Amino acid sequence: MTNRESSPGKPSRVLVVDDEEALRRALGRTLSAAGHEVVEAIDGAQALEHLAAGRFDAVLTDIMMPELDGLSLLKGVRQHDLDVPVIVVTGSPTIERAMAAVEHGAFAFLTKPLDLGNVRDHVERAVKVGRIARAKREALEALTGMAGGAGDYAGLETTFERTMQTLWSAYQPIVDRDGKLYAHEALMRSREPELPHPGAVLDAAERLGRLVALGRHMRSLSAATMADDASGLLFLNLHPRDLLDDELVSLDAPLARIAHRVVLEITERAALEKLGDVKARADVLRERGYRIAIDDLGAGYAGLTSFALLEPDIVKLDMTLVRGIDQNATKQKLVKTMSSLCTDLGMLVVAEGVETKEELLCVLELGSHLVQGYLIARPGPAFPTIRWPL
Ligand code: G
Ligand code: MN
């Protein structure tokens, strides 16, 4: 194990996979010059042999290759190593390819002609992120004493299947300025000790290429609950990958019948622009009757791509903006500006993660239309009781 372990001091090993010799060599030279130890492979099959023989810190692979192509390689890589970042290169970008790459956990998706400096920067980042992921897993394994643990593909698959059987939806009320119920947000919850948090479940689904199945399962659970409740409004979290699932826009989908009572939340944390024609998808969803919300607004993304792409009906302010807002002038200014801009644009603003009465008074004063948080109700089985402290 020790000789295969990567530590920050060692040169990083990068596997470059491309059937085009001139390009492969040029990439190899660039990356060697940047201090990486480069191993070249002429196709996916050869790459898998290298991966079986030793650990890499990053893989850079072409998509179109004879024998085993880049996407099959991406799937194969995950059976050997759940952490190594894979950068996928393509000559002809299509939404389908980008989708498949995302689904199988590609770290980045680059289009030819390649700018070698840009490739070098991506590899640099990939190596760092991969090392963080590995260190995190090693720490987790040491702490939980799970040899292999979630690092073992077959084991992870079994755990994930078990998790799917016990997943349930908690609901958290979203209320208006008078404390009256406006909607419930459905939140994924797991009873599986090895994947106890929604983040862990999503992470496993992503590694296993099961995001689509997970999204469908959660939507059907919520659809069943909401069908019993004749008029309630449902907020539902989508993974960006769900946006590209045809089942989501299908008229036969479990949720389709109550689409006019559903607000789909799409997180601003994701790089949506990578996902192809998100705008067209959002338009189809709106045609079906769904409304769209941007989730976690202000959680670190500076740009406003998500606004332009999604034209949301509702905006949810990230709880990092809400926490302690009564004590923080910068947060107050930001929330005030966002609330008034959104109001002008006809969008409703939800302040998430309200925990204290002071925070509640403050976000209402600054113009939030709706509020959600532990102060009002913790997420729980359908449906928790609302406490309104004002
Ligand atoms: O990404 P999204 O905004 O959908 O995540 C909501 C998460 O935040 C849920 O897991 C929910 O349990 C949690 N949450 C909801 N209200 C509060 C709150 O008032 N405080 C904190 N810390 N977490 C909250
Ligand atoms: Mn949410």
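So here's what we get for this one:
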{"read-out": "FRET efficiency estimate (nearest 0.05) - Cβ-Cβ, E37 to T385, R0 56 angstrom", "value": "0.40"}
{"read-out": "Stretch gain in nm, segment E247-E358, where the contour uses 0.36 nm per residue and the Cα spacing is subtracted", "value": "35.7 nm"}
{"read-out": "Estimated FRET transfer efficiency when R0 is 51 angstrom, pair S72-A230 (beta carbons, to 0.05)", "value": "0.60"}
{"read-out": "Shape call, the range 176-308: gyration tensor on alpha carbons, a/c limit 1.5", "value": "rounded"}
{"read-out": "E96 paired with H197, simple spin-label distance in nm, labels 7 Å along Cα-to-beta-carbon", "value": "3.8 nm"}
{"read-out": "Table column - 3J(HN,Hα) (Hz), the range 308-315, Karplus curve with 6.51, -1.76, 1.60, x for Gly and Pro", "value": "5, 6, 9, 6, x, 8, 9, 10"}
{"read-out": "Phi-based couplings in Hz for the range 185-195 (Karplus 6.51, -1.76, 1.60; Gly and Pro marked x)", "value": "8, 7, 10, 5, 9, 10, 9, 8, x, 7, 10"}
{"read-out": "Cut-off under 5 Å, modelled amide H: who pairs with R323 long-range", "value": "none"}
{"read-out": "Crossing angle, helix 211-228 versus the chain [Cα axis fit, 0-90 degrees, rounded to tens]", "value": "20 degrees"}
{"read-out": "Cα gyration tensor category, rounded, prolate or oblate, for the chain with a/c compared to 1.5", "value": "prolate"}
{"read-out": "The chain: angle of helix 153-166 to the longest principal axis, Cα-based, in degrees nearest 10", "value": "20 degrees"}
{"read-out": "Lys/Arg +1, Asp/Glu -1 at C-beta; the chain dipole; positive extreme among L31, A382, H217", "value": "A382"}
{"read-out": "Placed amide H near L348: partners under 5 Å, 5+ positions off or other chain", "value": "I314, V315"}
{"read-out": "Cα-based helix-to-principal-axis angle, 21-33 vs the chain, degrees rounded to 10", "value": "80 degrees"}
{"read-out": "Listed residues P66, P312, P240, most fluctuating in the chain (Gaussian network, C-alpha, under 10 Å)", "value": "P66"}
{"read-out": "Electrostatic dipole magnitude of the chain [Cβ: Lys, Arg +1; Asp, Glu -1; Cα centre; debye, to 20]", "value": "780 debye"}
{"read-out": "The range 147-248: trypsin sites (Lys or Arg not before Pro) in DSSP coil with no more than 12 other Cβ atoms inside 10 Å", "value": "K180, R191"}
{"read-out": "The range 243-257 - phi-based ³J(HN,Hα) in whole Hz, Karplus 6.51/-1.76/1.60, Gly and Pro as x", "value": "4, 9, 7, 4, 4, 5, 9, 5, 6, 8, 4, x, 7, 4, 5"}
{"read-out": "Inter-site label distance for N118 and K10 at 7 Å from Cα along Cβ, in nm", "value": "3.2 nm"}
{"read-out": "Listed residues E311, E355, E49, most fluctuating in the chain (Gaussian network, C-alpha, under 10 Å)", "value": "E49"}
{"read-out": "Estimated inter-spin distance, S220 and Q327, nm [label 7 Å along Cα→Cβ]", "value": "4.7 nm"}
{"read-out": "Max mean-square fluctuation residue, GNM over the chain, Cα-Cα springs under 10 Å, options G298, G155, G76", "value": "G155"}
{"read-out": "29 Å Cα-Cα reach of K10 towards lysines, excluding residues that sit fewer than 8 places from it in its own chain", "value": "K75, K128, K136"}
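FYI, it's all coordinate maths here, none of it is from the lab. None of these values were measured; they are calculated from a predicted model. Every residue, glycine among them, receives a Cβ derived from its backbone with ideal geometry; neighbour counts consider all protein chains shown.
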